[in-house]
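The values are calculated or read from the model by the stated rules, or taken from the named source; none is laboratory data. Everything numeric here is computed off the predicted structure, so don't read it as measured data. Cβ placement follows ideal geometry from the backbone for every residue including glycine, while neighbour counts extend to all protein chains displayed. Areas reflect the complete protein model, heavy atoms only, side chains present, ligands, DNA and RNA absent. Shrake-Rupley method; radii C 1.70, N 1.55, O 1.52, S 1.80 Å.
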Amino acid sequence: MKIAVCVKQVPDATVHKRIDPGTKRLDRSGEAALNPTDLNAVEEALRIRDEHGGEVVLVSLGPEKAVESLRKALAMGADSAVLVADEAAAGSDLLGTSRALAGALERVEADLILFGQASNDSDGSVLWAAVADRLRRPVISQAASLTVESGSVSGKRQTEHGYDAISAPLPAIVAVSDAINEPRYPSLKGIMGAKTKPQETLSLGDVGVDAGGAGEAGAKTTVLDLGPPPSRG
């Protein structure tokens, strides 16, 4: 079984976040790390691989330096990584990001695609749905547990009234919550071996996205104005 995990580099939790007034985008020049919930997705992928066999491939869209954050997931045990790094992708909104990731995932041809439920820099919680729509695959969201059987995947979503049990045929996409597991810490052996694992860097053209399909040129949303929150009474 081939499992792809979509991960994202975000500003480190200890870094003071600021919006660049010129671009009206989040300033990402400081220290960075993998999105915390994506680590839950990586951990779940590793557990499924260890039980059913196969491989775990990381897929990400970001600057070239994002490979440094991907190495943490490689150190945890992922087998390889694919990074779409292209200057033309800067400023991509949901549509451009989902288009680039879908193109990369089509190349990977995974049986199961995992996402973290949301990224802590935007907290949109919709990217997995947009990618599922582009790939025309069934999707399960906010999974607090996951079971893979022959030709299908089943998950439980926690609600205020209990759990929703949802099943979907493979290939499928699943967004996991942080309640699904506790991500492992990379071992020294894993850290040492992470740099030697296959790491492929692709352009937008490599994944079938033209220059107008991502980045600011392909964005369909516009930030008109930014302001500080109102002062507390």
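Amide H contacts of Glu55: Lys2, Ile3, each under 5 Å away and 5 or more positions distant or on a separate chain (H built 1.01 Å from N in the peptide plane; Pro and chain starts excluded). For the chain, the fraction of 1.4 Å probe accessible surface lying on carbon and sulfur atoms is 49 percent. The label-point distance for Ala217 and Thr159, in a model that sets each label 7 Å from Cα toward Cβ, rounds to 4.5 nm.
Scanning residues 5 or more positions from Val153 or on other chains, those with amide H under 5 Å from its amide H are Ala168, Leu170, with H placed 1.01 Å from N in the peptide plane. Given the range 1-102 reduced to its alpha-carbon atoms as identical point scatterers, what log10 I(q)/I(0) does the Debye formula return at q = 0.13 Å⁻¹? Values, matching the q order: -0.49. Here the calculated FRET efficiency for Glu109 and Asp178, from their Cβ-Cβ distance with R0 = 30 Å, stands at 0.60, rounded to the nearest 0.05.
Multiplying the residue separation of Ser122 and Arg232 by 0.36 nm and removing their Cα-Cα distance gives an extension gain of 37.3 nm. Under 5 Å from the amide H of Ala32 lie the amide H atoms of Asp12, each residue being 5 or more positions distant or on a separate chain, with H modelled from the backbone and absent for Pro and chain starts.
Largest GNM mean-square fluctuation across Gly91, Gly124, Gly218, computed for the chain with C-alpha springs under 10 Å, falls on Gly124. Note on Ile180: accessible area approximately 20 square angstrom, rounded to 10, probe 1.4 Å, nucleic acids and ligands left out.
Taking θ as phi - 60° and the Karplus parameters 6.51, -1.76 and 1.60, the scalar couplings of the range 214-228 work out to 8, x, 4, 5, x, 6, 9, 10, 9, 8, 7, 7, 9, x, x Hz in sequence order, x denoting glycine and proline. Rolling a 1.4 angstrom probe over the protein heavy atoms with all chains in place gives the chain an accessible area of 53 Å² per residue.
Looking at the chain, the pairs of alpha carbons with a distance over 33 Å make up 16% of the total.
Of the trypsin sites (Lys or Arg not before Pro) found in the range 178-216, the ones in coil according to DSSP and having at most 13 other Cβ atoms within 10 Å of their Cβ are Lys195.
Helix screen, the chain: DSSP H segments with Cα axial length of 15 Å or more and mean Kyte-Doolittle hydropathy at least -1.0 are 36-52, 94-108.
Stretching the chain fully between Asp20 and Thr147 yields a gain of 41.5 nm (0.36 nm per residue, less the alpha carbon separation). A simple rule links phi to the HN-Hα coupling: the Karplus curve 6.51 cos²θ - 1.76 cosθ + 1.60 with θ = phi - 60°, which for the range 199-206 gives 9, 9, 10, 10, 9, 4, x, 5 Hz, with x for Gly and Pro. Charged side chains reduced to their Cβ positions (Lys and Arg at +1, Asp and Glu at -1) give the chain a dipole of some 180 debye around its Cα centre.
Would you kindly find the accessible area of Glu31, with a 1.4 Å probe and non-protein molecules such as ligands, DNA and RNA excluded, rounding to the nearest 10 Å²? Result for Glu31: roughly 130 Å² accessible.
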